[in-house]
Amino acid sequence: MTQAALATALHRTFQQIQKYENGINRIAASTLIEIARTLKTPVAWFFEDNAASAVQSPPATSARMISAIDGLASMVSDLVRANLIQVQVNFASTALGDLPLAVYLIDRDGLLMYCNAAAVDFAGRQPRIGQDMWCVTWRLWEPDGRRLPHDRCPMAIAMKEDRAVRGASAVAERPDGSRASFTPYPTPLHDSHGALVGGFNALAPLAA
């Protein structure tokens, strides 16, 4: 589809579509959903390459991967600021469900609201929606081998201090005893009034 045809379908100007494609203007979550619907493709398609690179090419510190994760968090934030909490979960299921990168959402109290299939695989267990707190993992450890309680994990810190946490790392232990090192990207979510209402996290594996 040409930029002109897409602009017509979306009731936007040709120049605006150019700015989206060239990365000059940021695309809101609602607009991306419109674009995906017009192009008859899943929203997740727009993130598959970046998310796959995060999983297949550790360590998880590449600028491309960080940009992709921050983009996902920003899109969910857009929906939350519009006070569309249920839409947020539905969007996550539609847009993030098939991504190879483990992602999940929690509510303002830290309770798990949503996790995708990659998060289930990463955790080696079925996380309990509405019961598990702060993370999808079974047990957590510091990189130096000390036990890391879930209420002191990076996601918990991000929520308690109301700030995105970047540069942290941890080790997830699965029920079968296997372990995986990862970098989390916890990001608080706020409503249209700036109140903290939940959190988004992505878990990018690190090289063994």
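Please verify whether Trp134 is at pLDDT 95 or above and under 16 Å from the mean Cα position of the chain (by Cα), treating the condition exactly as stated. Before you say what the answer is, go through the steps one by one.
Working: at pLDDT 95 or above: yes; under 16 Å from the mean Cα position of the chain (by Cα): yes.
It is true that Trp134 is at pLDDT 95 or above and under 16 Å from the mean Cα position of the chain (by Cα).
Could you go through region 182-205 and let me know if any residue there is farther than 21 Å from Leu72 by Cα, of a type in the set (A, V, I, L, M, F, W, C) and open to solvent by 10 Å² or more (accessible area, probe 1.4 Å).
no
So, in region 149-208, how many residues would count as being without any contact (Cβ under 8 Å) to a residue 60 or more places away in the chain and assigned to a strand (DSSP E or B)?
Final tally of qualifying residues: 9.
Leu99: at pLDDT 85 or above and either farther than 21 Å from Ala123 by Cα or not charged (D, E, K, R) (or both), yes or no? Before the answer, list the steps.
Values: at pLDDT 85 or above: no; either farther than 21 Å from Ala123 by Cα or not charged (D, E, K, R) (or both): yes.
Against the criterion (at pLDDT 85 or above and either farther than 21 Å from Ala123 by Cα or not charged (D, E, K, R) (or both)), Leu99 does not qualify.
Condition test on Pro175, is it over 18 Å from the mean Cα position of the chain (by Cα) and at pLDDT below 95?
Details: over 18 Å from the mean Cα position of the chain (by Cα): yes; at pLDDT below 95: no.
Here the answer is no, as Pro175 does not meet what is asked.
Looking at (1) touching a residue at least 24 places away in the same chain (Cβ under 8 Å); (2) within 13 Å of the chain's Cα centre (by Cα), which is the one condition that is false for Cys115?
Condition not satisfied by Cys115: (1).
I'd like the residue in region 98-117 that is outside any strand (DSSP E or B) and farther than 17 Å from Gly71 by Cβ and, out of all such residues, is least open to solvent (accessible area, probe 1.4 Å).
So, considering only residues that are outside any strand (DSSP E or B) and farther than 17 Å from Gly71 by Cβ, the one least open to solvent (accessible area, probe 1.4 Å) is Gly110.
Please identify the pairs in which a residue from region 123-147 that is open to solvent by 80 Å² or more (accessible area, probe 1.4 Å) has its Cβ atom under 7 Å from the Cβ atom of a residue that is of a type in the set (Lys, Arg) and assigned to a loop (DSSP other than H, G, I, E, B), counting only partners at least 6 apart or on another chain.
Taking only residues 6 or more apart or on different chains, the pairs are Trp138/Arg125; Trp138/Arg174.
Quick check: is even one residue across region 84-91 at pLDDT 95 or above, of a type outside the set (D, E, K, R), over 11 Å from the mean Cα position of the chain (by Cα) and open to solvent by less than 50 Å² (accessible area, probe 1.4 Å)?
First pass over region 84-91, keeping only residues at pLDDT 95 or above: none.
So far as region 84-91 goes, no, none of its residues is at pLDDT 95 or above, of a type outside the set (D, E, K, R), over 11 Å from the mean Cα position of the chain (by Cα) and open to solvent by less than 50 Å² (accessible area, probe 1.4 Å).
The values are calculated or read from the model by the stated rules, or taken from the named source; none is laboratory data. Model, not experiment: these values are computed from the prediction. For neighbour counting, all protein chains shown are included, and Cβ atoms are generated from backbone atoms with ideal geometry for every residue, glycine included. The accessibility values were calculated without ligands, DNA or RNA, using every heavy atom of the protein model including side chains. Shrake-Rupley method; radii C 1.70, N 1.55, O 1.52, S 1.80 Å.
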